[in-house]
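Okay, structure first, notes after.
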Amino acid sequence: MAEVVAELETAFQRQSQSTFLQKFQHLRIQLEEIRSATNNFNDQNYRIIGVGGFGKVYKGEVTHSKGRSMVAINRLDLTRGQGIPKFWKEITMLSSCKHENLISLLGFCCEGSEMILVYELASRGSLDHHLNSPCLSWTQRLKICLDAAKGLSYLHDPKETIHCDVKSGNILLDDQWNAKVSDLRLSIMGSANEQHSAIVALAAGTRGYCDPLHTMTHTLTKESDVYSFGVVLFEVLCGRLCYPYRIHGDDENTFVRTCIESYKKKNLKDIVFKSPSIPPLDEIALEIFSDIAYRCLEVDREHRPRMATVVEELENALILQELISSFTYYKEIVESAEPLLNYRSYGELMQLLFKFKGVLLNKGKTWFSINKKGEHCEMRSFADCVEEYDRYHYKNDNDEYKKRARKRSRYQSEYNNSRFVGGTYYLEKKWKGMLVETRVKTQFLSPGITYTVNFVFKYMLPMKKARKGHQLIKLEYGLPGKRYGNSAYIACERKDGWWMCELCHFTSDQRKVDFYFQFYNHNDDERFIEAEGIEFWPLEKVDERQPILDSDANWQEKFPSDYKDMMKWSTNIVQWTTEKEAYSLLRKGFLIDDGKKWFSLDKNGKKCHMLSAVSIFSSIYNLEVLPSPESRFGEVIHDPWTLYMDTDIKSKLVSSAQITYAIYLVYKLPNDQFRMKAPFVVYDRDKSNSEDDSFLCFYLVSPQTQILEPKAGQNTHNPTNRLNIEGLPQERDDGWMEVQIWKFQTATINAPISLELKKNDQDYYGSWKGIIIEGVEFRPI
């Protein structure tokens, strides 16, 4: 029998695969890219994030139908009983069912024996792992239930689909705790406009969640999903799974019986989840929530509510919980506000917090505000943090010189526009090379939110900006659990006129967090810093740069009229028969000037060219030149001490209109990148071609932000507020890295470009050691 089933599945695959692949061609992802993203499906590292009924799930970054991002990669394991037809079914169902509360299918792979599904990444995993989490407030719990209910309601109407396996393990959570229903491979399409959509099924669902009538009638309806969701609602209410991991006998029904009996006897408070870190569920909200959960578990399917009704009731419970808990909580907060706030209702209180963009608490030592998402933001006064640390560590220190020095380091807010009554902390010259220690206690952070911790300050004297909107800085600091070895190199200018350095990220599990920071001053510039505070700001989710579709549609409009002259520049004679072939060759590029330059057209038909590293840096003493089959020039330079670049731009190699061109260094990094984490600098030796200042900084390796108490495999990641900053490296399509080091207007091409690229003299870690440089590219911005 097993052999017959296998043959049928193989026949089905052969018959349907060709037409199926054509229909969903836009979703296909190459196996080679998936293997690269998962390190060849390596189970021994952080890339594996779970095991489902379909097989193992990996995390990796791939290019898909919606761009490029981190995704969940589900690899089919035929030994787990999930056959090939269910693979196609999952693709078909998720392609036709699109809703913000359903997990999205981003692509699939079907090559050889490999069958893989690629989903959007739900970074916080499934709901069953968070039922007893102390960081989830009741407002968040109700919101998760509401999201899941909306997803199921969409499946029932208008899609007329029965999920057939509703459980907390199939409700996934993204980084903002939004819930998304997953796993549609068991789902069944019903008849349109049929209220119950009865479907005959011998087996479906998961023990503990199954509709009892399914065992008796062997039929499934939309109301079967409603029953299963009722079990999930009580799981959330009780903070535990409906069944033990090892099920014996009739244990799977004990949970549901207990919940029903507690509801009928009005003893729900005995089973409701409790945590000292979150305020309790409001009594009226509890009544609404438990009532709809109980109605979902009705024995008679006719008495169970529709999912649309479940959505309405959960919305009512959520609105009530938000109003009651918020008013009680914020009332406690503003009692310590200075000056006191006058309000008569919750609405007036919220208007005050948003209108004035924050209030001072704790005798002017803490600035508290709420962002547009309702998340709490907090800043502690740096001066008071240092003073608190001093009081604790130097309470018996009678050194009058140290006392006067600490006192002189404070300025009043009326002189510097600080929001704090106690003023700011001025790092004087005598602090150079000394240690400034602070102790920061947070009080009002939202639980379960990922925060970025920022050092907020001002420069006392005007500073030359290394790049528009940010400044090169060197700040060494210690963190809880890692008191040495952290460095910040970028200071970003804020809209409020202050500057900030990002120190770390962390997820708040409790409202109160105790931080201990050490700041080291080594640079002369740091003596001009006036520190305002340590800020805890919810991490904003910023969309990553999406790849630009380099389409050659309408290529005739971009095709230059003098293309024949350009083709003659080729070092090796190129052949073409049609104008389209010539355009393709120009887009791809070719060597010119005896192989010293590479000429091409960009996607808009503008001229680009690259100078080989050997030709442009050949005047440098003791330069090491290596052959390289990966380079278009056949050779590269290696391990330079410094780079001097002197060149004249030929007018024929750039577009004649007044266009801004950027200059990019094209390179590859060594395996050991430790000495490349610091910024590098580039100087205009001629000081005539620069559009901005004569000093710029750039990075060979993107700056990383430390994560406190990371999850498994999560060490550092790129800070979100730097994606649009010039001078950060990017990976090219040809496998090389590039970073913008300069820019100029084509109107200035008559003047030579003379640049010096070197490590930052102020930083020990800056080094070219091990770098391979292919060349310097000139490309329109």
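Structure notes:
- Over 25 Å between alpha carbons, listed pairs Lys495/Lys759; Lys98/Lys222; Lys596/Lys650; Lys558/Lys597: Lys495/Lys759
- Applying the criteria of a DSSP loop state and at most 16 other Cβ atoms within 10 Å to the chymotrypsin sites (Phe, Trp or Tyr not before Pro) of the stretch 607-681 yields Tyr621, Trp641.
- Exceeding the 27 Å Cα-Cα cut-off - candidates Lys564/Lys743; Lys606/Lys743; Lys23/Lys159; Lys588/Lys652; Lys180/Lys603; Lys274/Lys372: Lys564/Lys743; Lys180/Lys603; Lys274/Lys372
- Asn267-Asn342 FRET efficiency (beta carbon distance; Förster radius 35 Å; 0.05 resolution): 0.25
- Estimated FRET transfer efficiency when R0 is 41 angstrom, pair Thr254-Asn42 (beta carbons, to 0.05): 0.50
- The slack in the chain from Gln730 to Glu111, taken as 0.36 nm per residue of separation less the alpha-carbon distance, amounts to 219.8 nm.
- Cβ crowding within 10 Å, taken as a proxy for footprinting-reagent exposure, orders Met216, Met189 from fewest neighbours to most as Met216, Met189.
- Summing charges over neighbours of Thr219, with a neighbour being any other residue whose Cβ is under 11 Å away from its Cβ, gives -1 when K and R count +1 and D and E count -1.
- For the peptides 113-125, 154-166, the ranking by mean Cβ contacts within 10 Å, running from highest to lowest, is 154-166, 113-125.
- Here the simple spin-label model places points 7 Å from the Cα toward Cβ, and for Asn316 and Lys568 these points are separated by 8.4 nm.
- On full extension, the segment bounded by Ser275 and Glu557 gains 94.9 nm, given 0.36 nm per residue less the C-alpha separation.
- Spacing of the two label points (7 Å from each Cα toward its C-beta) at Asp77 and His218, in nm: 3.1 nm
- Among residues other than Gln30 with Cβ under 12 Å from its Cβ, the summed charge is -2 (Lys and Arg +1, Asp and Glu -1).
- Protection proxy ranking, peptides 102-110, 296-304, average beta carbon neighbours within 10 Å, highest first: 102-110, 296-304
- Neighbourhood charge, 14 Å Cβ-Cβ cut-off, centred on Thr647 and excluding it, Lys, Arg +1 and Asp, Glu -1: -3
- Length gained when the stretch Leu669-Val51 is fully extended (0.36 nm per residue, less Cα-Cα span): 219.0 nm
FYI, it's all coordinate maths here, none of it is from the lab. Worth saying up front: this structure is predicted, and the values here are computed from it rather than measured. Every residue, glycine among them, receives a Cβ derived from its backbone with ideal geometry; neighbour counts consider all protein chains shown.
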